[in-house]
Amino acid sequence: MKSVPLYVLTVSLLLAGSLALAEGKISAIEVRKAGPGPFNEAFVRAHIEFEEGEKFERYALSRDVKALMKTGRFSDVKIYAEEDGDDVKVIYEVVNRRVLSRAVEVRGQERFSDYHISALLNLEPGDYIDEAVVGRSALKVVQEYRRKNYPDARAEWKFVDETDQEGYAYLVFTVEEGKKAKVAGVAVSGNSAFSDYELGRLMKRPAWWNPFWWTRKRKLDGDEILTGRFAIREKYRDAGYLDAEVGDVLYSRNEEGNIILNFEVREGLQFRIRKVLISGVEGFPQSAIRERLSLKPGDIASSTAIRADVNAVRDFYGMRGYLDTVVRPVREPYGDEGELDLIIKVDEGKLCYVRRIDIEGNVRTRDKVLRRELPLDPGDVFNEVKVRAGEQRIKNLGYFSSVRSFPAATALEDQRDLIIEVEEQRTGQFMMGAGFSSIDRATVFMEISQGNFDLLNWPSFTGGGQKLKLSAQLGATRRDFLLSFTEPWFMDRKLRFGFDLYDRLVKYDDYHSRRSGGSVRLGKSLGGRGRIDAMYGIEKLAISDVADTNEYFTETGQSYFFEEEEDNVSSSLRLTYTHDTRNNPFIPGSGTRFRAYGGITGGPIGFDTDHYETGLSFVKYVPAVKDHVLSLKASYDVVEEFGDTLEVPLDDRLFAGGGRTLRGFRYRDVGPKVTREVEGAGGGTTIFHKPIGGSSRFLASAEYSIPLVTPVRFALFYDTGNVWSESYELDLKDLASSFGGGFRFDVPGFPIRIDFADVIEKDDDLTRTEAWVLWIGYDF
């Protein structure tokens, strides 16, 4: 009689599809105990599907193993079969876990209490335990010690069987804490191509000058060490040292007892490309493939460049519908001088077309919201590059926590179904809070938004891909109410349509300005990174609570009264072109943004005031060393009256000064002013002034930001600019300027900036300064 460990063979059967074993009836089922824990044969039989006399079916064995292991009572389950003539005897051998009889007995700890250790172990009387179960719990304890700077912490344990209860045991858990220490530095040996400093910085240990780490311990993180080893190796391989290896980290201690991480590097030769060869290409000219390659003879054999060339060849086939194309780089060293031949081996796939597109996992979101983001349709060539682009577009919607696409085989060899699997996430937000800025002072705000709104889907109003926002802000100097709606695919076309209704009250020092109205927006992408937007708006502007009724004089000697500013209703049309290549719209690290606009108020579209405005702005983000970013910005704006309007209304003029224009200067205080002279009681004259804005404005700034610790950055900046009375005026010799530094707290949805600025040059002697700037919001 032959006994076969059937569960192992069953797995092989499922993979290979063959097993030489009779498939007769089950003559008998036997259950055996192999572990130290309590044994209950009835419990085992209750969780298996087989019964005596039934037909023996091999595929059911794996289900029995899974069902028994899922109970948590067993360390292992094995199934054997014995041939019994034409029938089969099935034997279940279970390794029982012990049952924990009492609370864990903890020994050796000083840093943490018994309660803390027990909570980390999370083992209670009645739990089923074995070495694996306790080992997983012990790892949590060790990780907690290392998080608190005990790098040598260890844990041991033993089971003590109860003499009066078979299968029951208590656990003695012993901690060896070791000496408390922090990571003081990184040392590298065996390196000559790169300095210790260059390689040590790849560990991303905090710099000594970083004030956010002065009061914090530098912890020993296993993931950090693993990541550092990988980063060092990749730096070498990216520089052509393709055989470079980094050994296991060794630990040593300095005189203070703190840890030094020691990495041993084996550099090997630096390789250069002798030849680039292509093999396996049959369906296309080799010249077409070679055009995609960046590596040339004499180039350093960078691992990154090799991967890029492999991906370029793969994309060449993928964008033409050749699925399952395999591209492999083969390196053949030539001689002993570090030269190699790079062979790009291609195993061409088959040309396939899209038969059907199936979307799965979208419970709330309509299918069309996803389909319209895909740049291919059924019947098209199965372009893998377009599929990836569509997958990224769907991810960018922000409606899904995960997006995955893959081809599925069909009955036709040259057709595939495209499957899009998504997992939905919450798209609505409700926020309330309070804030303070140097301009708006104390404020409270509330916002309700839905990023996947559907105006016609009652009662949930979700799933249509529209965007709705209701917000209110109340403060000492501001009161804002806004309702905003956007349909990104107006009439099922790639047109962004929206409208806004608003009521905004701003309390300036000299008067209050209230704007109430609405606007309609329509925008279209021009392909690439460009887009054009048109907006028509109508609003009422009311000037009230004029604080100063005295007569002032402009710089040309003309009389001016603030109370002469009149209320008006305006109608405006604006056209804006934007080209944006930034890698992130909120916290950019690279790219540019160019914006040009022109608008008209009144004139042929009527109402009380006639003026036009135009301008352009440019910002460039330059990545520097170690995730530092240099941003360079410049803008020029013009506003001018025409027709029956003698002067641009006060609240429509251009101003500068404050956190969003020129830091270091009082809000709106840079530029044209009106003045009045008051004689003092004891003689002498005091000059009072008020800003009245202008018709031309130039602004520029340079800012260098340094990441300190997530989500905090430090920045150094230089601002310059001015406002002039006449339109199209620009005098680069007449600019106000300032410099300073500050912190950026990049809290999602509530970013904060705190800056201190020192004035270098004023536009005139009357301009007031304000060193500290605090404001909330992203720098769009």
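Compare the Cα positions of Leu342, Ile587, Pro623 along the charge dipole of the chain (+1 at Cβ of Lys, Arg; -1 at Cβ of Asp, Glu; about the Cα centre) and return the one farthest towards the positive end. Towards the positive end, the residue furthest out is Leu342. Picking from Leu474, Gly741, Gly433, whose Cα lies most toward the positive end of the charge dipole for the chain (charges on Cβ: Lys, Arg +1; Asp, Glu -1)? It is Gly741. Counting only C-alpha contacts under 8 Å and six or more residues apart, can you give the relative contact order of segment 622-770 as a whole percent? Reported relative contact order: 24 percent. In the context of the full set of protein chains, residues of segment 459-553 present 52 Å² of accessible surface per residue (probe radius 1.4 Å, heavy atoms only). Computed from point charges on the beta carbon alone (+1 for Lys and Arg, -1 for Asp and Glu), the dipole magnitude for segment 54-173 about its Cα centre is near 940 Debye. Here the contact order of segment 342-443, divided by its residue count and restricted to Cα pairs under 8 Å and six or more residues apart, works out to 30 percent. Rg/Rh for segment 269-320 (Cα atoms only, Rh after Kirkwood) is 0.99.
When the helices of the chain are scored as -39500 (n - 2.57) per DSSP H run of n ≥ 4 and the total is divided over every residue, the value at 222 nm lands at -4500 deg cm²/dmol.
Highest mean packing comes first when the peptides 472-482, 157-167, 87-97 are listed by Cβ atoms within 10 Å, giving 87-97, 472-482, 157-167. Annotation for Ile538 and Phe553: the two label points, set 7 Å from Cα along the Cα-Cβ direction, are 4.4 nm apart.
In whole percent, how big is the carbon plus sulfur part of the accessible area of the chain, probe 1.4 Å, protein atoms only? C and S fraction of accessible area: 52 percent.
Charged neighbours of Val712, selected by a Cβ distance under 9 Å, balance to +1 (K, R count +1; D, E count -1).
For the pair Thr686 and Asn584 in one chain, pulling the backbone fully straight at 0.36 nm per residue adds 31.7 nm over the alpha carbon distance. Here is the P(r) of segment 308-380: all C-alpha pair distances, binned every 10 Å from 0, give 16, 29, 24, 17, 9, 5, 0 in whole percents. Contact order normalised by length for the chain, with contacts defined as Cα pairs under 8 Å and 6 or more residues apart; what percent is it? Normalised by residue count, the contact order of the chain is 5 percent. A prolate overall shape is assigned to segment 28-152, the ratio a/c of its alpha-carbon gyration tensor axes (a ≥ b ≥ c) being 1.5 or greater and a/b exceeding b/c. For segment 536-676, a Kirkwood hydrodynamic radius built from all Cα pairs, placed in the Stokes-Einstein relation at 37 °C and 0.692 mPa s, yields a translational diffusion coefficient of 182 µm²/s. Note on Tyr718/Thr174: beta-carbon distance plugged into 1/(1 + (r/R0)^6) with R0 of 51 Å gives a FRET efficiency of 0.25. Placing a label point 7 Å from the Cα of Arg331 along the Cα-to-Cβ direction, the residues of segment 263-301 with a backbone N closer than 18 Å are 265-278, 294-301.
Residues within the reach of a label modelled at Lys25 (point 7 angstrom out along Cα to beta-carbon, backbone nitrogen below 15 Å), restricted to segment 44-81, are 51-57. Take the Kirkwood radius over Cα pairs of segment 83-174, plug it into Stokes-Einstein at 20 °C and 1.002 mPa s, and you get 143 µm²/s for translational diffusion. Largest to smallest in accessible area, the residues Ser484, Ser192, Ser544, Ser287 fall in the order Ser192, Ser287, Ser544, Ser484 (1.4 Å probe, all protein chains included). Rounded to the nearest 5, the antiparallel percentage of DSSP beta bridges internal to segment 347-484 is 85%.
Rounded, prolate or oblate: which fits segment 22-72 when a ≥ b ≥ c are the square roots of the eigenvalues of the alpha-carbon gyration tensor, with rounded for a/c under 1.5 and prolate only if a/b beats b/c? Here segment 22-72 falls in the prolate category. Annotation: Ile752 carries an accessible surface of approximately 40 Å², with a 1.4 Å probe and no ligand, DNA or RNA atoms counted. Using the Cα gyration tensor of segment 249-364, with a ≥ b ≥ c the square roots of its eigenvalues, what is the shape: rounded (a/c below 1.5), prolate (a/b larger than b/c) or oblate (neither)? Here segment 249-364 falls in the oblate category.
Taking only the C-alpha atoms of the chain, the Rg (one decimal) and the largest Cα-Cα distance, Dmax (whole number), read 36.2, 127 Å.
Put the Cα centre of segment 377-396 next to the Cα centre of segment 240-270 and the gap is 44 Å. Students often forget the sequence filter, so: which aspartates and glutamates lie under 16 Å Cα-Cα from Lys89 once same-chain residues fewer than 8 apart are removed? Leaving aside aspartates and glutamates fewer than 8 places away in the same chain, those within reach of Lys89 are Glu23, Glu30, Glu49, Glu51, Glu52, Glu54, Glu57, Asp64. Each 5 Å bin from zero up to the one holding the largest Cα-Cα distance in segment 642-780 carries the following percent of pairs: 2, 10, 17, 18, 16, 13, 10, 7, 4, 2, 1, 0. With a Förster radius of 45 Å applied to the C-beta separation of Ala634 and Ala288, the computed FRET efficiency comes to 0.55.
Annotation: lysines with alpha-carbon distance below 16 angstrom to Lys673 (same-chain offsets under eight excluded): Lys690, Lys762. Here the label points at Glu52 and Asp324, each 7 Å from Cα along the C-beta direction, are separated by 5.0 nm in the simple model. Each label point was placed 7 Å from the Cα along the Cα-to-Cβ direction; for Glu566 and Ser617 their separation is 3.2 nm. Ala634 sits among other residues whose Cβ lies under 12 Å from its own Cβ, and their net charge, with Lys and Arg +1 and Asp and Glu -1, is +3.
Of the peptides 648-661, 309-322, 136-149, the order by per-residue mean of other Cβ atoms within 10 Å, starting with the highest, comes out as 648-661, 309-322, 136-149.
Put the Cα centre of segment 573-646 next to the Cα centre of segment 86-120 and the gap is 66 Å. Fully extending the segment from Phe499 to Asp84, taken as 0.36 nm per residue of separation minus the present Cα-Cα distance, adds 141.4 nm.
For the pair His512 and Thr710 in one chain, pulling the backbone fully straight at 0.36 nm per residue adds 67.3 nm over the alpha carbon distance. What is the Cα centroid distance between segment 412-431 and segment 652-670, reported in whole angstrom? Each part reduced to its Cα centre gives a spacing of 47 Å.
In this structure, Ile605 and Ala434 have a Cβ-Cβ separation that, at R0 = 51 Å, corresponds to a calculated FRET efficiency of about 0.80.
The values are calculated or read from the model by the stated rules, or taken from the named source; none is laboratory data. The structure displayed is predicted, hence computed values, not measured ones. Cβ sites come from the backbone with ideal geometry, for glycine too, and all protein chains shown count toward neighbours. Surface areas here come from the heavy atoms of the whole protein model, side chains and all, with no ligands, DNA or RNA. Shrake-Rupley method; radii C 1.70, N 1.55, O 1.52, S 1.80 Å.
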